[in-house]
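Asks: Pasting a structure below so you can have a look.
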Amino acid sequence: MSGLTDHHGERLPVGVLTGFLGSGKTTLLRQWLQDSPAGETAVLINEFGAVGLDHLLVGRIDADTVLLDNGCVCCAIRGELKDALWRLHQRRLRGELPPFQRVLVETTGLAAPGPVIATLIGDAQLRQIFRPAFISTVVDALHAPWQQSRRPEWLAQVAAADRLYLSKTDLATPQQAEAQRAQLAQINPLASIVTCGPGAAVPPAWQMQESHALQTDWLARAIAGTPRGRTGQGQGQGQGLHAGAQAFCLELDSPVDWCVLTLWLTMLLHRHGDRLLRLKGLVAVAADGWPQGQPTALHGMGHLMHAPEHLPEWPGEDRRSRLVFITAGLDEQQIRASWQSFQSFYRLHSQDNGSQTPASPSPHTA
Amino acid sequence: MCGMCGLLQASGHWSQAPAGSAGRRQRLIQIARANRLLALWRLRLSDFHGQSYVLAGPTGASVLIADFGALWPAAEQMLGRALDPLAMPWQPAQAQGQAQVRSQGRAPAQEHREQAP
């Protein structure tokens with residue numbers, strides 16, 4: 001399935017290109033646009049600062065470009081982004097813009113991608129027209145160790161990515177690049193890593209397979225990359241890995257009760273969403289006509305969850321339910337224990353259903 | 001939008017996508033499950049026109065909420081404290097203990113239906 005080239009229910013796919021300041025986002029963007037037919041991709045650039053330098057650099061695609069002038073880190077950009085996307089849509093309808101097939105949002109280097117996705121998922125108007133398609137993050141092989149030790153945005157950008165582009169590998173030593181690659185794989189085992197440099201032609205993200213659609217490679221990668229609480233802290237100490245970045249895989253007993261899972265997850269996201277950088281999983285949900293549970297793909301970031309996808313069939317032989325977490329300061333043991341306590345609470349009550357004893361203590365005395 | 005009460009349509013929150021079974025039934029099951037948990041804090045959730053929910057507190061205060069995403073902020077505001085899934089007011093050991101007690105002293109089967117609102 002190629003995410004950005006097909007239209008699910010006519011909604012236009014929106015891709016996000018992010019990466020820290022100076023990591024090479026615009027270089028990559030120009031390369032992508034040179035290789036694709038004109039008028040196919042609308043680009044929105046979110047610039048930090050008074051002068052949109054990036055806007056000048058990508059002048060070739062000027063007709064499709066709307067510059068967001070309030071480039072900022074927090075949720076304030078939502079309104080701007082919404083307006084910009086809405087304007088694009090209106091101009092497309094009126095025929096002022098070519099009928100582009102996708103939108104690419106390049107965020108400022110100091111922004112976490114959360115608000116962009118929040119705008120796409122949360123806004124009732126935009127939801128009808130656009131859908132989030134992918135998040136690509138450019139990582140500077142040379143300066144990443146410094147950035148990750150100082151800037152929390154860096155971690156949010158890396159954790160959010162479906163695909164990581166390692167740039168400036170020609171300036172770094174092969175050892176540096178390799179170490180960086182290994183570290184990225186550890187922080188975000190969900191993402192595939194692509195090396196981009198002057199010599200390497202990197203196909204546009206929309207031509208490569210897509211994150212949001214069903215892919216099993218991320219699951220395989222995640223399972224291989226997260227053998228039980230493999231934390232970033234151990235290996236990366238000397239290189240200043242961001243404290244507490246941790247990726248782990250939680251295996252749930254199948255089939256999972258959807259109601260219990262949503263109660264637990266909504267509560268977890270509400271209270272600890274700021275420390276939950278990423279959540280992705282394939283879960284067997286108990287459903288009529290599915291003896292082993294219906295495969296359901298879950299995808300979330302921070303306080304946000306995408307609409308779950310109920311898949312028509314299992315992608316492979318493995319029918320286990322797994323949730324991959326990337327967290328900052330949230331312990332694997334805590335999350336595991338929390339889920340188990342919810343499960344045992346409901347298991348206890350389902351026993352109650354058939355055998356209610358008069359003297360049984362009410363739940364709030366427990 | 002409902003013209004009488006000014007309610008917007010269901011918000012399309014991710015938790016509302018049911019697997020397989022019909023939406024209405026699933027909704028009532030979901031409310032019943034939530035109420036088991038909310039009883040820990042003497043809160044109660046009920047359906048409102050099949051589109052929203054009403055969360056009622058121990059003192060009779062009630063608030064209209066759109067979806068399960070809004071449930072926890074509303075519950076916290078009503079109780080005046082944070083609700084943390086990592087520190088729930090139950091002890092796993094205690095819960096297991098109760099389970100054993102209950103399985104030993106099983107009363108004759110008595111149908112206990114989940115209370116639909």
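Asks: Among A:318, B:84, what's the order by accessible area (1.4 angstrom probe), most exposed first?
Replies: Greatest to least solvent exposure: A:318, B:84.
Asks: Still on this structure, I have one more. Chains A and B: buried accessible surface, both sides, probe 1.4 Å, rounded to 100 Å²? Present the calculation step by step, with values, prior to reporting the outcome.
Replies: Details: alone 16610 and 8500 Å², together 20870 Å².
Using a 1.4 Å probe on protein heavy atoms, the buried area is about 4200 Å².
Asks: Hey, what did segment A:94-169 get for relative contact order, percent, Cα under 8 Å, at least 6 apart?
Replies: It rounds to 33 percent for segment A:94-169.
Asks: If you don't mind, another one. Under 5 Å between amide H atoms, partner at least 5 residues away or on a different chain: which partners does residue A:130 have, H built in plane at 1.01 Å?
Replies: A:12
Asks: Need one value for A:251-257: mean number of C-beta atoms belonging to other chains within 10 Å of its residues' C-beta atoms.
Replies: 1
Asks: Sticking with this structure for a sec: Share of Cα-Cα pairs in segment A:129-210 beyond 20 Å, in percent?
Replies: Values: 1027 of 3321 pairs.
Tail of P(r) above 20 Å: 31 percent of Cα pairs.
Asks: Share of segment A:137-210's accessible area from carbon and sulfur, percent, 1.4 Å?
Replies: 58
Asks: Starting at 0 and stepping by 5 Å, how many percent of the alpha carbon pairs of segment A:244-287 end up in each bin?
Replies: P(r) over segment A:244-287, rounded to whole percents: 5, 18, 25, 27, 16, 7, 1, 0.
Asks: Separation of segment A:290-343 and segment A:159-204 by C-alpha centroid, Å?
Replies: 27
Asks: How much accessible surface area, in Å² rounded to 10, belongs to the heavy atoms of residue A:168 with a 1.4 Å probe?
Replies: Near enough 60 Å² of accessible area.
Asks: Averaged over peptide A:278-288, how many Cβ atoms belonging to another chain are found within 10 Å of each residue's Cβ?
Replies: 2
Asks: If you don't mind, there's one more thing I want to ask. How many Å³ per residue does the convex hull of the Cα positions in segment A:267-321 occupy?
Replies: Value for segment A:267-321: 89 Å³ per residue.
Asks: Give me, ordered by chain and number, the residues 5 or more places off residue A:287 or on other chains with an amide H under 5 Å from its own placed amide H.
Replies: A:293, A:294
Asks: How crowded by other chains is A:341-349, given as the mean number of beta carbons from other chains within 10 Å of each beta carbon?
Replies: 5
Asks: For a quick size check, give me the Cα extents of segment A:254-355 along its three principal axes, largest first, whole Å.
Replies: Principal-axis extents of segment A:254-355 (Cα, largest first): 38, 36, 21 Å.
The values are calculated or read from the model by the stated rules, or taken from the named source; none is laboratory data. Quantities reported herein were computed from a predicted structural model and do not represent experimental measurements. Don't worry about glycine lacking a Cβ; one is built from the backbone with ideal geometry, like all the others, and counts go over all protein chains shown. For accessibility, only protein heavy atoms count, side chains too; no ligands or nucleic acids. Shrake-Rupley method; radii C 1.70, N 1.55, O 1.52, S 1.80 Å.
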